[in-house]
1. Using the Cα gyration tensor of region 63-116, with a ≥ b ≥ c the square roots of its eigenvalues, what is the shape: rounded (a/c below 1.5), prolate (a/b larger than b/c) or oblate (neither)?
2. Could you tell me the distance between the Cα centroids of region 143-164 and region 218-253, to the nearest Å?
3. Wrap a convex hull around the Cα atoms of region 96-193, take a quarter of its surface area, and give that in square nanometres.
4. Got a sec? Which residues in region 212-253 would a label at Ala127 touch, if it sits 7 Å along Cα→Cβ and we count backbone N under 19 Å?
5. Take the residue pairs Lys156/Lys198; Lys57/Lys124; Lys74/Lys124 and return only those whose Cα atoms are more than 27 Å apart.
6. In debye, nearest 20: dipole of region 161-202 around its Cα centre with unit charges on the Cβ of K, R (+) and D, E (-)?
7. How charged is the neighbourhood of Tyr210? Take every other residue with its Cβ under 12 Å from the Cβ of Tyr210, and add Lys/Arg as +1 and Asp/Glu as -1.
8. Using a/c under 1.5 as the rounded threshold, could you call region 45-252 rounded, prolate or oblate? The axes a ≥ b ≥ c are square roots of the C-alpha gyration tensor eigenvalues, and prolate needs a/b larger than b/c, oblate otherwise.
Amino acid sequence: MIQKALPSYSPNSSRRTTAVLLTIKLVLAAFAFVAISTHAYAGSATITNVEQLSGWKACTACAGGGEQAIYWKKTGQTSPSLDGKSTQYFVGGSTPFSHGLWWRWMSGDGAASRFTLKMSYYIKNPAASQGLEFAANQATGGKWYKFSTQCSFASKIWRVWDSANHRWTNTSIACTRPPAYSWTNVVFEYARQDGRAKFLSITINGKKYYVNKSFGPELKKFDPSIGIHFQLNGNQYQHDYSVWADKFSLSYY
């Protein structure tokens, strides 16, 4: 009867086996880390030069107020500009308190929950403006989270939108008219948290102010999406004026 030879034992072979097993475990752990990291950041994005993109829509009837503004925008403006190309937004007409609102669909992401909106803007005659509005918004799960933020030059205060009750709410942050012929840099941080639209902070020319207000969403059966809007508000005399926007970006994750 032929017997199968047993493998001989060697301390060196045992060490090699242990080293191989350890290497395999490290490789598997590395793959697991990559998989987790990729999943965690798969939905993050930053979209830059938004003011130069096509696909914008606009209206005055949807902007509230007198709803009879003359409004338009022109891309590719070389002056004034910070990076060689800005977009000029115009509002005017004869009906008092008529506004121009421009909006754009940005993504079909219904899972993101943090949003940062950035813009630099320039006004030659700020006295003609009643105020400016900046906003991101998200539709998800049959709810519409609107992060509308208004610099009301008339009331000299920043206001944020209460979607559940359809009204503006004052913050404690002062909003002053910007100097003419100069750039103002603004950054807005928002979060969809605990089923509410949370306004985190407003940064103006590098100075950060915390808002920390949150509101329930509006009930809307929209497809999952992320959008933005920018609005110029007309005053009681409906004076014509333009705002140039540059380095407009949206980040979300």
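A short reminder: the numbers here are calculations on the coordinates, not readings from a lab. This one's a predicted model, so the numbers in the text were calculated from it and none came from an experiment. Glycine gets a Cβ as well: all are built from the backbone with ideal geometry, and neighbour counts include every protein chain shown.
1. Taking the square roots of the gyration eigenvalues as a ≥ b ≥ c, region 63-116 is oblate.
2. Here the two parts' Cα centres lie 11 Å apart.
3. Result: a mean projected hull area of 7.3 nm².
4. 233-243
5. Violating the 27 Å limit, Cα to Cα: no pairs.
6. 60
7. +3
8. Values: a/c = 1.42, a/b = 1.33, b/c = 1.07.
Note, shape of region 45-252 comes out rounded.
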